[in-house]
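The values are calculated or read from the model by the stated rules, or taken from the named source; none is laboratory data. Keep in mind that this is a model prediction, so the values were computed, not measured. Positions of Cβ are backbone-derived with ideal geometry, glycine not excepted, and every protein chain shown enters the neighbour counts.
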Amino acid sequence: MAAGGGTKAIIAAFFANLGIAIAKFIAFGFTRSSSMLAEAIHSVADTGNQGLLMLGGRLARREADDRFQFGFGRERYFWSFIVALVLFSIGSLFAIYEGIEKIRHPHEIESPIWAFLVLGIAIVLEAFSFRVAVRESRPLKGQATWWNFVRHARIPELPVVLLEDLGAMIGLIFAFASVTIAVVFDAPVWDGIGTLAIGLLLGVIAVVLAIEMRSLLLGESATPANLEKIRAAIVSSPGVVNIIHLRTQHLGPEELLVGAKVAFDPDLDVKGIAAAINEVERRVREQVPMARPMYVEPDVFAESVDQV
């Protein structure tokens, strides 16, 4: 997986969630808490999700072939979309169902000390995983807000891990609070309320991720910053008169398809046009290395002609 894919964050999240899932199932065995069970299922889903992200990164590295001539970069988008579906179907729907059942049929939490112990350990491990994801994301985020980074990043893995870890942290707080209220006030119905809250939280995160991954699968253009760099590189090239139109689309997180119709100096001959096109491509890739493949079509600019 490319460095930009946040490999360290994915691996940290995988092992953190695996250890947390085991601990939560042990705690559920002692406490019979539905919040603890919902959190255990949530951690199992998260562990599987990290495995799917790593699978997507591995599949995306395959060489292009005759059937998929632009390569397999979008594998990373596809498997990130599957992660959103898993988070919703396994994490959210199960927790919502379990929460409603425990609200309708509450029962006392047994051995609550196990719940508090495991939740404390889980919070520490999730905090470590979240810290790694934040550190990996900062260079790519730049000056953007975290919300804008999640909404507009062309790399799918880091937004997925960030939202999963954030959801896990908030879910653990819900579970801790609901178990505390249930034990202190002898009100086991709060265990079900906490479980339902966890399910709704996971549902919101899953929907946000699904919307973002759908956008990437459809094929988003270059970021505004990269579009500006591409335009500047083209218009500064010798022999270029004007950009008639420019189209870009991400074939993968680190691969950008660029198509441009460019008006060149009409006095250039065929050999001169070919040299000018080669210079345009060189300058664009110098500014935006991921701009490959790239197709430049020479044309004559005319206001009366459809330039689309």
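Quick one: which of Ile96, Ile90, Ile121 is out of contact with any Phe, Trp or Tyr (no Cβ under 9 Å at 6 or more places or on another chain), farther than 22 Å from Phe14 by Cα, hydrophobic (A, V, I, L, M, F, W, C) and touching a residue at least 24 places away in the same chain (Cβ under 8 Å)?
Answer to the check: Ile96.
Looking at segment 213-226 only, could you name the residues that are in a helix (DSSP H, G or I), of a type in the set (Gly, Ala, Ser) and within 26 Å of Glu164 (Cα to Cα)?
Answer for segment 213-226, where residues must be in a helix (DSSP H, G or I), of a type in the set (Gly, Ala, Ser) and within 26 Å of Glu164 (Cα to Cα): just Ser215.
So if I check each of Ala233, Ala210, which one is outside the structural domain of Ile273 (by TED's automatic domain parsing) and either assigned to a helix (DSSP H, G or I) or among the aromatic types (Phe, Trp, Tyr) (or both)?
Every option except Ala210 fails the conditions.
For segment 232-242, what are the residues that are at negative phi and surrounded by 17 or more Cβ atoms within 10 Å (Cβ to Cβ)?
Ala233, Ile234, Ser237, Val240
Among the residues of segment 33-50 satisfying the criterion of being hydroxyl-bearing (Ser, Thr, Tyr) and touching a residue at least 40 places away in the same chain (Cβ under 8 Å), which is farthest from Asp191 (Cα to Cα)?
Ser43
All but one of (1) out of contact with any helix residue (DSSP H, G or I) (no Cβ under 7 Å at 6 or more places or on another chain); (2) under 22 Å from Thr180 (Cβ atoms) hold for Trp147; state the number of the condition that does not hold.
(2)
Kindly list the number of the only condition in (1) within 30 Å of Ile193 (Cβ to Cβ); (2) without any contact (Cβ under 8 Å) to a residue 40 or more places away in the chain that fails for Phe30.
Status for Phe30: all satisfied but (2).
For segment 248-287, what are the residues that are assigned to a strand (DSSP E or B) and in contact (Cβ under 8 Å) with a residue 60 or more places away in the chain?
Across segment 248-287, the qualifying residues are His250, Leu251, Gly252, Glu255, Leu257.
Name the residue that is modelled with the lowest pLDDT, counting only residues in segment 297-308 that are farther than 19 Å from Gly239 by Cβ and among the charged types (D, E, K, R).
Only one residue tops the list, namely Asp306.
Take His245 and tell me if it is in contact (Cβ under 8 Å) with a residue 24 or more places away in the chain, closer than 27 Å to Arg151 by Cβ and touching an Asp or Glu at 6+ places or on another chain (Cβ under 6 Å).
The answer is no for His245.
Every residue in segment 147-168 that is hydrophobic (A, V, I, L, M, F, W, C) and crowded, with 16+ Cβ neighbours inside 10 Å, please.
Phe149, Val150, Ala153, Ile155, Leu158, Val160, Val161, Leu162, Leu163, Leu166, Ala168
So that you can scan it fast, the table gives a plain yes or no per residue for (1) within 30 Å of Glu255 (Cα to Cα); (2) at pLDDT 90 or above; (3) among the polar types (S, T, N, Q):
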{"site": "Leu87", "(1), (2), (3)": "yes, no, no"}
{"site": "Glu98", "(1), (2), (3)": "no, no, no"}
{"site": "His105", "(1), (2), (3)": "no, no, no"}
{"site": "Trp147", "(1), (2), (3)": "yes, yes, no"}
{"site": "Leu172", "(1), (2), (3)": "no, no, no"}
{"site": "Val179", "(1), (2), (3)": "no, no, no"}
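Counting only residues that are at pLDDT 95 or above and acidic (Asp, Glu), which one in segment 263-296 is farthest from Ser237 (Cα to Cα)?
Glu286
Give me the residue from segment 243-269 that is touching a Ser or Thr at 6+ places or on another chain (Cβ under 8 Å) and of a type in the set (Val, Ile, Thr) and, out of that set, surrounded by the most Cβ atoms within 10 Å (Cβ to Cβ).
Val258
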